[in-house]
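Worksheet: the structure to be examined is printed underneath.
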Amino acid sequence: MSDQTTTPPSAAHARETTEGRVYTVTGSDWDEVVQAAADAEERIVVNMGPQHPSTHGVLRLILEIDGESVTEARCGIGYLHTGIEKNLEFRTWTQGVTFVTRMDYLMPLHNETAYCLAVEKLLGITDQVPERAQVIRVLLMELNRISSHMVCLATGGMEIGALTVMTFGFRDRELILDVFEMITGLRMNHAYIRPGGLAQDLPPGAVDKIRELVDILPGRIHEYELLLNDNAIFKGRTQGIGYLDLAGCMALGLTGPVLRSTGLPHDLRKTQPYCGYETYEFDVATADTCDSWGRYLIRIEEMKQSLRIVEQCLDRLAPGPVMVTDKKIAWPAQLALGTDGLGNSPAHIKNIMGTSMESLIHHFKLVTEGFRVPPGQVYSAIESPRGELGVHAVSDGGTRPYRVHFRDPSFNNLQAMAAMCEGGQVADVIVAVAGIDPVMGGVDR
């Protein structure tokens, strides 16, 4: 038998089309085709986003995948950048509240409180803020914590097919937003908390409306538990997904439910109290699963604990002022609206203008120029729904901030994306993101 030289079979020929790369396989045994495909290392990079669902903003995830497995994950941010921190340098200290409330738009009242606490620390008036103002701040922040967690559960559930949870979450959040609208005039972006106190006191009927809400919400939260706690599909999609242990959280500087899902009960309301939190009775919710399932359980429990705090706030609401007495700092907090709701009532204007010419001039200068803040710098932090929300404020002694920088928890927590997702499935990436609960308005600022 004579020797014959054979040409190795060609595994595949590739060509580019409008639909992508197409392979034409000819003249080969199937095992050889498979081997040739295995030998050809081709990196597939997928852009997940920029999109809005469950990321609460436009987040871009750059995923390198091998089949259905994620080999590398990176975050692309900046699509919602608004320059808020820079804008603060061109506004008075009080006007800054209108900007910071728009950063993480799911927790506007936390943004406002963190900023105002920093300004008050610079002014040295932390202990002069009236008790009623502090109680109302705590009350509103805890209601805001509940509404934020409802959005987290609603959007996270929607991404994995739990549409009933989405419907219930947004349904119940509306009840809280109705209360916010009654108190502040707006559903979101309130600018209600001001340096030295509040913009104005609670309107008539607000306490009764909040008590009705407190009676309704426990049953609604229990509905989420009935839907999800023993739901085999939901547990299968969240247990063991987005895993990150305590060492990883500490290395990356993560806080909030992501950190507490490792079993560490770190909550600034307990460890570094502010606004009188040390006088309230509540428990810090933790889990030991280090995954998205544990973060869900924590948020459910935190909503219950927030309701406990709200009830205590309602019992403590004693009559009193809601703004510091120092007229060099205090913006008018006892405003009376006209019948059209668009401006001050004639009686209120008459009171301002009829008191004295000096008072009118001072009122005008306070509103147009703002108060001066002694030079210095401070860092003030609070426990937001997503973790430690810190404010580094610097004053040069003027009526405007020299620099204000926010340590937004969403920005820090997004660092965990690679650790949580690499080695897992593409389908689990969204579950991990939903467990982090990032809001891009706070990330980009």
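The values are calculated or read from the model by the stated rules, or taken from the named source; none is laboratory data. What you see is a predicted model, and the numbers here were worked out from it, not measured in a lab. Backbone-built Cβ (ideal geometry, glycine too); neighbour counts: all protein chains shown. Heavy atoms of the whole protein, side chains included, go into the accessibility calculation; ligands, DNA and RNA do not. Shrake-Rupley method; radii C 1.70, N 1.55, O 1.52, S 1.80 Å.
Results, tabulated for the structure shown:
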quantity	calculated
Percent carbon-and-sulfur accessible area, region 88-202, ignoring ligands, DNA and RNA, probe 1.4 Å	53 percent
Arg407 long-range amide H proximity, modeled H, under 5 Å	Gly390, Val391, His392
Whole-percent carbon and sulfur share, accessible surface of region 362-421, 1.4 Å	55 percent
Under the span-like rule (Cα at least 27 Å along the axis, Kyte-Doolittle mean at least -0.5), DSSP H helices of the chain	131-159, 163-184, 206-228
Accessible area per residue in Å² at 1.4 Å probe, computed on the chain	46 Å²
Mean separation of Cα contacts under 8 Å, 6 or more apart, over the residue count of region 174-256: relative contact order %	17 percent
Region 271-306 versus region 53-114: alpha-carbon centroid distance in Å	23 Å
Karplus-derived HN-Hα couplings along region 251-258 (A = 6.51, B = -1.76, C = 1.60, θ = phi - 60°), whole Hz, x at Gly and Pro	5, 9, x, 7, 9, x, x, 4
Average Cα contact separation per residue, the chain, under 8 Å, 6 or more apart, as relative contact order %	24 percent
Phi to ³J(HN,Hα) by Karplus 6.51 cos²θ - 1.76 cosθ + 1.60 over region 266-275, Hz, x for Gly, Pro	8, 9, 5, 5, 9, 7, 9, x, 8, 6
Most to least packed among 131-142, 382-393, 167-178, 109-120 [average Cβ atoms within 10 Å]	109-120, 382-393, 131-142, 167-178
Solvent exposure, largest accessible area first (probe 1.4 Å, DNA, RNA and ligands not counted), of Tyr296, Tyr79	Tyr79, Tyr296
Length-normalised contact order of region 62-197 in % [C-alpha pairs under 8 Å, at least 6 apart]	27 percent
Whole-number D in µm²/s for the chain (Stokes-Einstein; Kirkwood sum over Cα pairs; 10 °C, 1.306 mPa s)	65 µm²/s
Within-10-Å neighbourhood charge of Asn189 [Cβ basis; K, R +1; D, E -1]	+1
